[in-house]
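Structure in structure tokens, see below.
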Amino acid sequence: MSPIRSTAIVALASVVLAGTLTGCQFGTDEAAASPIVIAADLELSGASAPVGKAYQRALELKIEQLNASGALGGRRIELKVKDNRSDASESLRNIGDFSSDGDVSAIIMGGCNECAIGAVRTINEKKIPTIALATSGAVASPVADRRYVFKLGPNAADSAAALATELSRRGIRKVSLLYSADDYGREGMTALQREFTKTGADLVRQASVRITDTDVSQPVRTLTSRKTDALIVWTPPEQAGLAATAAQQLGFTGSLYFDAGAAGDLFLGEAARATERATLIFTQTMVIDDVIATTPAKAARRQWFQDYTARFGGYNGASSFAADAVQLIADAQLRAGGPADRVNRDGMRDVLETSQLDGLSGPIRMTPDNHSGLMPQALTTLVARNGRWRLAG
């Protein structure tokens, strides 16, 4: 059995599971139906290009799997991709083009918080369902102002709670924080301060960096120059690696922690020595090869990990969010009803708002009051060992 065919079976199982949760079934009489067109606005150049390219690879692989599975009732998914160059203005132009294209069923946006937040008004006015892979809570909240916008990926409050619990378990009290100077970074600082009041930890100092900064040594020096037991790095993946290397070069001997937004490649490359024994809060998919596949969902995650690794020679933690976005959109399109040769964006929005999926990233639950679907229990504690992330414990 070929890798794609074996994965297609897993993908089908994932679709069937989603159908069981929502109490619906797919039809099988749509052989002549039009394709399901998904548009993607991604950071394929600029500061966030590494993550954007990981998203693109994941989208292409997941779509290939679903098209091969036969689970779409005779329909196929087509992908249209535009590069936003890690620029909010360019992203908004892309969203405008996509939403004006009557063939496009839904949009997937990449990890740019500013891009997703800046496009909210256009998305709502054009009434096009959009799933953003950005981390900021402002992407999907308040829901009343973001009826067509949904979010996948870790939430700041959940990452902060998991980090605070781990610090408390290890008896760490004095903590410094390096965070990105954007919405998600500021949300993280606020959430950590709130969690620390519960555990008794003390945020002794903090510093921010712009997401475009390529040298973070000075703020790291400031954060580690006086007694601190741990350094939390709440930045994008590339800066997290730079921060770890800077801390090592400065002789920092405390513990190093990363929030979920700092997750990137499974293998740590040049930052391997600097991150040894560091702790990361992220989803289990990153280390699913350490997990016994005792459920269909875990088996699907393991298969996804293996197929992505076999295709691209490594694994990126962000890939599962992109794949789950495709699954949610395909599910919504097939359940929305209406003629198979027409796009039913309003129907898709209504389905997305009540979607439930035991996805590749973990349990996902959307509700009319919460458009950020990744559940807190999707997050777990990982540790860097011998140049890659492993399950802690």
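What percent antiparallel are the DSSP beta bridges of segment 256-393, to the nearest 5?
90 percent
Oh, and also: Does anyone have the angle between helix 319-335 and the longest principal axis of the chain? Alpha-carbon axes, 0 to 90°, nearest 10?
The angle comes out at about 30 degrees.
Sort segment 267-362 into rounded, prolate or oblate with this rule: let a ≥ b ≥ c be the square roots of the eigenvalues of the Cα gyration tensor; rounded if a/c is under 1.5, and if a/c is not under 1.5, prolate when a/b is larger than b/c, oblate otherwise.
Prolate, since a/c reaches 1.5 and a/b exceeds b/c.
Moving on. Have a look at Ala160, Ala39, Gln248 and report the one farthest towards the positive end of the charge dipole of the chain, computed about the Cα centre with Cβ charges (Lys/Arg +1, Asp/Glu -1).
It is Gln248, whose Cα lies furthest towards the positive end.
Roughly how many percent of the accessible protein surface of segment 350-390 is carbon and sulfur, given a 1.4 Å probe and a whole-percent answer? If you can, show how the numbers build up before the last one.
On the way: 660 of 1530 Å².
Taking all protein chains in place, segment 350-390 shows 43 percent carbon and sulfur surface.
If you place +1 on the Cβ of every Lys and Arg, -1 on the Cβ of every Asp and Glu, and leave all else neutral, what size is the dipole of the chain about its Cα centre, to the nearest 20 Debye?
Roughly 1000 debye, rounded to the nearest 20.
Let me ask something else. Give me the count of lysine pairs in the chain whose alpha carbons sit under 24 angstrom apart, restricted to pairs 8 or more positions apart or on different chains.
The result is 20.
Also, quick follow-up: How many Å² of accessible area per residue for the chain, probe 1.4 Å?
40 Å²
Still on this model: Tell me the carbon and sulfur percent of the accessible area for segment 222-322, rounded to whole percent, probe radius 1.4 Å.
51 percent
By its C-alpha gyration tensor, with a ≥ b ≥ c as the square roots of the eigenvalues, how is segment 42-200 shaped: rounded for a/c under 1.5, else prolate for a/b larger than b/c, else oblate?
In terms of gyration-tensor shape, prolate.
Given H placed 1.01 Å from N in the peptide plane, which residues other than close sequence neighbours of Gly362 have an amide H under 5 Å from its amide H?
Amide H to amide H, under 5 Å and 5 or more residues apart or across chains, Gly362 pairs with nothing.
At 222 nm, what helix-only mean residue ellipticity would the chain give, in deg cm²/dmol to the nearest 500, using -39500 (n - 2.57) for each DSSP H run of four or more?
Computed ellipticity for the chain at 222 nm equals -13000 deg cm²/dmol.
Here's a follow-up. How would you order 78-87, 42-51 from highest to lowest mean count of nearby Cβ atoms within 10 Å?
42-51, 78-87
If you line up the long axis of helix 88-100 against the longest principal axis of the chain, both from Cα atoms, how many degrees apart are they, to the nearest 10?
That works out to roughly 10 degrees.
If you don't mind, another one. Could you work out the relative contact order of segment 49-186, using alpha carbon pairs under 8 angstrom and six or more residues apart, expressed as a whole percent?
So the answer I get is 16 percent.
Quick one: putting +1 on the C-beta of Lys and Arg, -1 on the C-beta of Asp and Glu, what dipole do you get for segment 95-193 around its Cα centre, in Debye to the nearest 20?
With Lys and Arg at +1 and Asp and Glu at -1, about 520 debye.
Tell me, what is the percent relative contact order of segment 32-85, built from C-alpha pairs under 8 Å that lie six or more residues apart?
Across segment 32-85, relative contact order equals 59 percent.
When a/c is below 1.5 the answer is rounded, else prolate if a/b is larger than b/c, else oblate, so apply that to segment 52-96 with a ≥ b ≥ c taken from the square roots of the Cα gyration tensor eigenvalues. Numbers along the way, then the final one.
Details: a/c = 5.32, a/b = 2.19, b/c = 2.44.
Oblate.
So how much slack lies between Thr165 and Lys227, counting 0.36 nm per residue of separation and subtracting their Cα-Cα distance, in nm? Walk me through the intermediate numbers first.
On the way: separation 62, 0.36 × 62 = 22.32 nm, distance 2.13 nm.
Additional length available on full extension: 20.2 nm.
Give me the dipole magnitude in Debye, nearest 20, for segment 236-393 about the Cα centre, with unit charges on the beta carbon: positive for Lys and Arg, negative for Asp and Glu. Show your work: numbers first, answer last.
Values: 14 positive and 16 negative charges, 71 e Å.
Computed about the Cα centre, the dipole is about 340 debye.
Mean separation of Cα pairs under 8 Å and 6+ residues apart, divided by the residue count of the chain: what relative contact order is that in percent?
18 percent
Where does helix 49-69 land angle-wise versus the long Cα axis of the chain, in degrees 0 to 90, nearest 10?
Roughly 30 degrees between the two axes.
If you don't mind, another one. Compare the peptides 376-382, 121-127, 248-254 by average per-residue count of other Cβ atoms within 10 angstrom and give them in order, highest first.
In decreasing order of mean packing, 376-382, 121-127, 248-254 become 376-382, 121-127, 248-254.
With each pseudo-label sitting 7 Å past Cα toward Cβ, what's the Arg365-Arg385 distance in nm, one decimal?
Distance between the two pseudo-spin positions: 3.2 nm.
So what's the gap between the Cα centers of segment 367-393 and segment 259-325, to the nearest angstrom?
Taking the Cα centre of each part, segment 367-393 and segment 259-325 sit 10 Å apart.
The values are calculated or read from the model by the stated rules, or taken from the named source; none is laboratory data. These figures come from a predicted structure and were not determined experimentally. Positions of Cβ are generated from backbone atoms using ideal geometry, with glycine treated the same way; all protein chains shown enter the neighbour counts. Side chains are part of the model used for accessible areas, which takes the heavy atoms of the whole protein and leaves out ligands, DNA and RNA. Shrake-Rupley method; radii C 1.70, N 1.55, O 1.52, S 1.80 Å.
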